[in-house]
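Here is the structure we will look at, set down as structure tokens.
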Amino acid sequence: MKKFLLLVAAVASLSMSAQNYTFEKIWEVTEGLPTNADARQGISVNGVYYINVKGADNFVQAVTAEGIKATTIPGGTNCGISRDEAGNLIISTAVFPNGWTCDGEAKMIRVVDPATGKSVEYAINEDGAVAGRADFLGLAKGNMMETGELYLVGATNAGVVRMNVVDGELDEDNTFEATCSGLTPSTSTVVNYFKNAAGEDRALYVTRNAAPQILTGDENFEGTALTLPNKGASNGAQIFVFDGKEYAVYPTLPNYEDGFAIALVGAEEAAYTVENTGKTAYAQCDWVNAEVDGEGNVTIYQYLPGIAVRAYKLSKPATAVENVNAGKTVAGVKYVNLAGQVSSEAFDGVNVVVTTYTDGSQNAVKVVK
């Protein structure tokens, strides 16, 4: 019984009853993180979490389940760090706390392959100038070392600069400020590229001042406000596709604390909620992002600057285990709820379904009724 109670205790608070998904915290690192004053944004790439540490040294720090890892990746004098679809890091080298100043020579964007250390830098042209302080970077389309698109925003301009790279060079003719009505910029605004469930290009405009907007358009953007259940004012949100459906992961109320949720886009209730523990997010940022693998799993990363890096796993049913047990004869099935009660029938809410086979082996999976 103790074994099953431990399994149940690892599950976050769940409110979706339609899917047999598993959602659990898998690791957390709190020791050795840089101070929140110098490291205000982070991003995951292939299971490693990267933080851009500004200041005198300007370096990128890596975090895994085993703790802090040293890297030789140079950071920037600003906080911004993100990634593209190819898994390259994108680092802001604009001087903190200025905006994107474009003199034609200052290189403001560094793209780094974290696996090889190969890098390239881009100077933003005049058409890519962004008004107001610009601290952070969003997710980019494509491969920014070859052909891709990055979206730049500032604290006071209501447009979005579409920075285009073609064949490893800045495409100046197609780098420009795209207009879009109804945007509410702030110092912590980002625009995250994503493909929707139909494979169409979209972008998510996220600011702590207003509701997120889904942006569409081949040149200029049209925005559609996105309502997320119990969304808080901290920045940090992403849309991802899992099991053929679009989900958003985002910080929740109370404002600027460490709770977050996952919700189907358009749903009135969150699918999964990680409850607030009273930790305060620094600089109005509670960065949460998702990495989807090809095996039906999503890793959700949360970065609270100066406090913690956390990782959670969202998974579909363990079909591989089911296949191993397919030839066995079932001796009995038990259901264990969050209180540790055992029944022959499923409880409402979270259950650990324990199947015992005639050869004495067991299989335990989490389900929601």
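What is the spin-label model distance, in nm, from THR356 to GLU200 if the labels are put 7 Å beyond Cα along the C-beta direction?
Inter-label distance under the simple model: 5.3 nm.
Given R₀ = 22 Å, FRET efficiency for ASN255-ALA225 by Cβ-Cβ distance, to 0.05?
So, using R0 = 22 Å, E works out to roughly 0.70.
Which FRET efficiency value, to the nearest 0.05, is calculated for ALA331 and GLU275 with the Förster distance at 41 angstrom and r the Cβ-Cβ distance?
After rounding, the FRET efficiency stands at 0.65.
About the Cα centre, and with charges only on the beta carbon of Lys, Arg (+1) and Asp, Glu (-1), how big is the dipole of the chain? Nearest 20 debye, please. Don't skip to the answer; put the middle values down first.
Details: 26 positive and 43 negative charges, 345 e Å.
Value, rounded to 20: 1660 debye.
What distance in nm separates the two pseudo spin-label positions at VAL166 and ALA211, each 7 Å out from Cα along the beta-carbon direction?
For VAL166 paired with ALA211, the spin-label model returns 3.7 nm.
Using amide H atoms built 1.01 Å from N in the peptide plane, name the residues 5+ places from ARG133, or on other chains, whose amide H lies under 5 Å from its own.
Hits under the 5 Å cutoff: ALA155, THR156.
Neighbour counts of other C-beta atoms within 10 Å: give me TRP27, TRP287, TRP100 arranged from fewest to most.
Ranking TRP27, TRP287, TRP100 by Cβ neighbours within 10 Å, fewest first, gives TRP27, TRP100, TRP287.
So for TYR247, TYR122, TYR282, fewest C-beta neighbours within 10 Å to most, what's the order?
Numbers: TYR247 25, TYR122 21, TYR282 18.
Fewest-to-most ranking of TYR247, TYR122, TYR282: TYR282, TYR122, TYR247.
How much length is gained if the chain between THR77 and SER343 is pulled fully straight, taking 0.36 nm per residue apart and subtracting their Cα-Cα distance, in nm to one decimal?
Extra length available between THR77 and SER343 comes to 89.9 nm.
Given H placed 1.01 Å from N in the peptide plane, which residues other than close sequence neighbours of THR147 have an amide H under 5 Å from its amide H?
HN-HN under 5 Å from THR147: ASP167, GLY168.
Apply 1/(1 + (r/R0)^6) to the Cβ-Cβ distance of ASN174 and VAL48, taking R0 = 30 Å, and write down the FRET efficiency to the nearest 0.05.
0.40
Could you tell me the largest-minus-smallest coordinate of the C-alpha atoms of region 21-315 on each of the three principal axes, in descending order and whole angstroms?
Between the extreme Cα coordinates on each principal axis of region 21-315 lie 48, 41, 34 Å.
Using Cα positions and a limit of under 15 Å, work out the aspartates and glutamates in reach of LYS313, with same-chain residues fewer than 8 apart set aside.
GLU24, GLU28, ASP243, GLU291, ASP293, GLU295
GLN213: net charge of surrounding residues, Cβ under 14 Å, Lys/Arg +1, Asp/Glu -1, itself excluded?
Summing Lys/Arg as +1 and Asp/Glu as -1 gives +2.
In the chain, if the dipole is taken from +1 on Lys/Arg beta carbons and -1 on Asp/Glu beta carbons about the Cα centre, which of PHE221, THR64, VAL120 is farthest to the positive end?
THR64
Any chance you could check the Cα centroid distance between region 178-208 and region 217-274 for me, in angstrom?
Using only Cα atoms, the two centres lie 12 Å from each other.
In what order do TYR272, TYR50, TYR335 fall by count of nearby beta-carbon atoms within 10 Å, going from fewest to most? Walk me through the intermediate numbers first.
Details: TYR272 22, TYR50 25, TYR335 18.
Least crowded to most crowded, the residues run TYR335, TYR272, TYR50.
List the residues, sorted by chain then number, that are 5 or more residues from THR175 or on another chain and whose placed amide H is less than 5 Å from its amide H.
ASN164
Spelling out what I want: for every residue of region 304-313, take phi, set θ = phi - 60°, compute 6.51 cos²θ - 1.76 cosθ + 1.60 (Karplus), and round to whole Hz; glycine and proline get x.
For region 304-313, the Karplus-derived couplings read 9, x, x, 10, 6, 10, 10, 10, 10, 10 Hz, x marking Gly and Pro.
For region 183-249, what relative contact order do you get, as a whole percent, if you take Cα pairs closer than 8 Å and at least 6 residues apart?
Values: 115 pairs, mean separation 18.6, N = 67.
For region 183-249, the relative contact order is 28 percent.
Per residue of region 266-275, what does 6.51 cos²θ - 1.76 cosθ + 1.60 with θ = phi - 60° give for ³J(HN,Hα)? Whole Hz please, x for Gly and Pro, Karplus curve as stated.
x, 7, 8, 10, 5, 7, 9, 10, 9, 5
Could you tell me the relative contact order of region 21-315? Use alpha-carbon pairs under 8 Å, at least six residues apart, and round to a whole percent.
Working: 860 pairs, mean separation 43.9, N = 295.
About 15 percent, as a whole number.
When the chain is fully extended, how far beyond the present Cα-Cα distance does ASN36 get from ALA158, taking 0.36 nm per residue of separation?
41.2 nm
Readers should treat all values here as calculations from the given coordinates under stated rules, not as data from a laboratory. These numbers were taken from a predicted model, which means no experiment stands behind them. Heads up, the Cβs are rebuilt from the backbone with ideal geometry, glycines too, and the neighbour counts pull from every protein chain shown.
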